[in-house]
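Everything below concerns the one structure shown next.
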Amino acid sequence: MEQAFKPNEKYMRHAINLAKTAAGHTSPNPMVGAVIVKAEGADMYVTLEPCCHYGKQPPCTEAVIASGIKRVIIGSADPNPRVAGKGVRQLRAAGIEVIEDFLRQECDSINPVFFHYITRNIPYVALKYAMTADGRIATDAGRSMWITGEEARAHVHELRNYYSGILAGIGTVLADDPLLTCRLPGGRSPVRIILDSDLRIPLESRLVQTAKETPLIVIRGKEDLPASQETGGTPADPDKEEIRADRQTLLEEAGVTVLTVGKDEYGLRIPEVLRELGKRKIDGILVEGGSRVNASFVRAGAVQHIYAYIGAKIFGGSKYPPVREAGILQVEDALELTDPKVQIFGSDVLLEYDCPASAGVRMRAPG
């Protein structure tokens with residue numbers, strides 16, 4: 001009697017490690033690793049269901065079928081509606097044995113950004129901030145360089161290499177004149193995204209000056225509604241709008257992409273921001289904003305992951321918590337975080353959390 005085949009975890013874990021080496025180089029596609037065991041009539045271990053449609057590359061299923069592989073062991077199912085089980089059916093129709101969901105949890109953990117983007121058409125959002133041991137992201141004078149040491153700051157550049165976009169607010173630009181690039185050797189800089197409702201970004205800023213080398217998107221707010229409209233609104237200031245239009249023209253001439261979204265009582269509408277970025281195939285963003293930008297994403301229920309770097313310092317004071325001008329009134333309404341992870345970088349600590357239910361958070365208005 002022929003003994004039932006038992007997949008080998010060693011080979012799938014090797015495929016998982018191979019997939020992770022592609023971090024920062026596959027967006028908006030997933031990271032995938034595959035290991036072929038033996039030669040003709042081989043077994044193939046693959047972390048994600050092989051695709052069956054034409055995209056940047058021909059269908060993977062065609063290559064697998066043509067190769068003579070006799071068995072395919074799959075980790076993750078592909079949630080892409082263009083695949084979603086069709087790849088498995090094609091392989092089985094060709095006489096290939098398929099084993100699904102092998103080490104699925106570990107394989108799923110490779111592609112949270114892709115899974116979120118492909119099912120929602122908006123970017124996966126990771127909130128990153130560095131704070132002191134007493135919970136401040138700056139001194140009361142607004143100084144924040146540097147809360148953490150070199151090792152922790154180097155790790156941030158790994159995140160910038162991983163995510164396809166990096167987002168900050170105009171306050172950060174005016175205070176620090178950052179570049180927001182990845183400084184890893186061989187790394188890939190993300191698309192820089194600035195929330196700037198009134199187009200205050202200086203033309204001489206390092207972001208604008210490098211826009212033709214590293215993409216820069218500036219997101220402004222729509223004009224105020226005329227007061228006569230039933231919805232109400234503040235009368236638009238023609239002079240102010242003319243200035244904005246002129247600045248937009250100059251920014252676009254410098255290579256900046258300017259997008260316009262609606263505003264609400266909190267500022268730019270974050271769901272609209274995410275939809276506009278999703279249309280441009282930005283599948284994941286690292287938010288490196290200040291307290292107010294962080295609050296806008298938390299209040300919108302738009303955060304999937306948190307990176308909280310804790311520096312070995314105490315600032316004291318009463319200003320600049322990581323999330324400012326927003327808050328819950330009841331403990332039971334708090335944003336619940338899950339799946340904690342801890343890393344040590346010299347004297348600093350990184351806490352990571354998932355935010356699986358952030359859309360349900362009820363935050364109060366500023367003021």
query: List the aspartates and glutamates whose alpha-carbon lies under 19 Å from that of Lys319, not counting same-chain residues fewer than 8 positions away?
result: Asp134, Asp140, Asp176, Glu288
message: Using only Cα atoms and rounding to the nearest 10 degrees, what angle (0 to 90) does helix 150-162 make with the longest principal axis of the chain?
response: 70
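Highest mean first, how do 44-52, 12-20, 250-258, 74-82 rank when packing is the count of other Cβ atoms within 10 Å averaged over residues? Write down the numbers at each step before the final one.
Values: 44-52: 25.4, 12-20: 18.3, 250-258: 15.6, 74-82: 20.4.
In decreasing order of mean packing, 44-52, 12-20, 250-258, 74-82 become 44-52, 74-82, 12-20, 250-258.
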task: Rounded to the nearest Å, what's the spacing between the alpha carbon centres of the stretch 150-165 and the stretch 64-141? Just the number, please.
output: 21
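Using helices alone, I'd like the mean residue ellipticity at 222 nm for the chain: each DSSP H run of four-plus residues gives -39500 (n - 2.57), total over residue count, nearest 500. Provide the component values of the computation, followed by the final result.
Working: 11 runs with 101 residues, N = 367.
That calculation yields -8000 deg cm²/dmol at 222 nm.
What number, in percent, do you get for the relative contact order of the stretch 112-182 if the mean sequence gap of Cα pairs under 8 Å and at least 6 apart is divided by its residue count?
Numbers: 29 pairs, mean separation 12.3, N = 71.
Relative contact order comes out at 17 percent.
Between their Cα atoms, which of Lys128/Lys313; Lys10/Lys38; Lys10/Lys86; Lys222/Lys279 are more than 21 Å away from each other? Could you put the intermediate results ahead of the total?
Values: Lys128/Lys313 18 Å; Lys10/Lys38 14 Å; Lys10/Lys86 27 Å; Lys222/Lys279 19 Å.
The pairs that break the limit, which is 21 Å between Cα atoms, are Lys10/Lys86.
Any idea of the accessible area per residue across the chain, 1.4 Å probe, to the nearest Å²?
On the way: 18680 Å² over 367 residues.
Averaged over the residues of the chain, the accessible area is 51 Å².
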query: Which value in nm describes the separation of the simple spin-label points at Leu259 and Asp246, placed 7 Å from the Cα toward the beta carbon?
result: 2.8
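Assuming 0.36 nm per residue, please report the length gained on full extension of the stretch Lys10 to Asp140 beyond their Cα-Cα distance.
Details: separation 130, 0.36 × 130 = 46.80 nm, distance 5.24 nm.
Stretched fully, the Lys10-Asp140 segment lengthens by 41.6 nm.
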query: Ranked from highest to lowest mean number of other Cβ atoms within 10 Å per residue, what is the order of the peptides 269-277, 335-343, 149-157?
result: 269-277, 149-157, 335-343
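If packing is taken as the average number of other Cβ atoms within 10 Å across a peptide's residues, how do 159-170, 204-215 rank, most packed first?
On the way: 159-170: 22.9, 204-215: 16.0.
Peptide ranking by packing, descending: 159-170, 204-215.
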message: Once you keep just the Cα pairs under 8 angstrom separated by 6 or more residues, what percentage relative contact order results for the stretch 234-333?
response: 22
- line: Other residues with Cβ under 10 Å from the Cβ of Asp339 give, with Lys and Arg +1 and Asp and Glu -1, a net charge of -1
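Is the shape of the chain best called rounded, prolate or oblate, per the rule: a/c under 1.5 gives rounded, else a/b larger than b/c gives prolate, else oblate, with a ≥ b ≥ c the square roots of the Cα gyration tensor eigenvalues?
Cα axes put the chain in the prolate bin.
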- request: Can you grab the distance from the C-alpha centre of the stretch 283-318 to the C-alpha centre of the stretch 1-45, Å, no decimals?
  value: 36
- prompt: Tell me, what % of the accessible area of the chain is carbon and sulfur with a 1.4 angstrom probe?
  reply: 52
- request: May I ask for the net charge around Gly311, where only other residues with Cβ less than 14 Å from the Cβ of Gly311 are counted and Lys, Arg are +1 while Asp, Glu are -1?
  value: +1
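The values are calculated or read from the model by the stated rules, or taken from the named source; none is laboratory data. Everything quoted here is computed from the prediction, not taken from an experiment. Virtual Cβ from ideal backbone geometry, glycine too; neighbours counted across all protein chains shown. We work out accessible area using only protein heavy atoms, side chains counted, and drop any ligands, DNA or RNA first. Shrake-Rupley method; radii C 1.70, N 1.55, O 1.52, S 1.80 Å.
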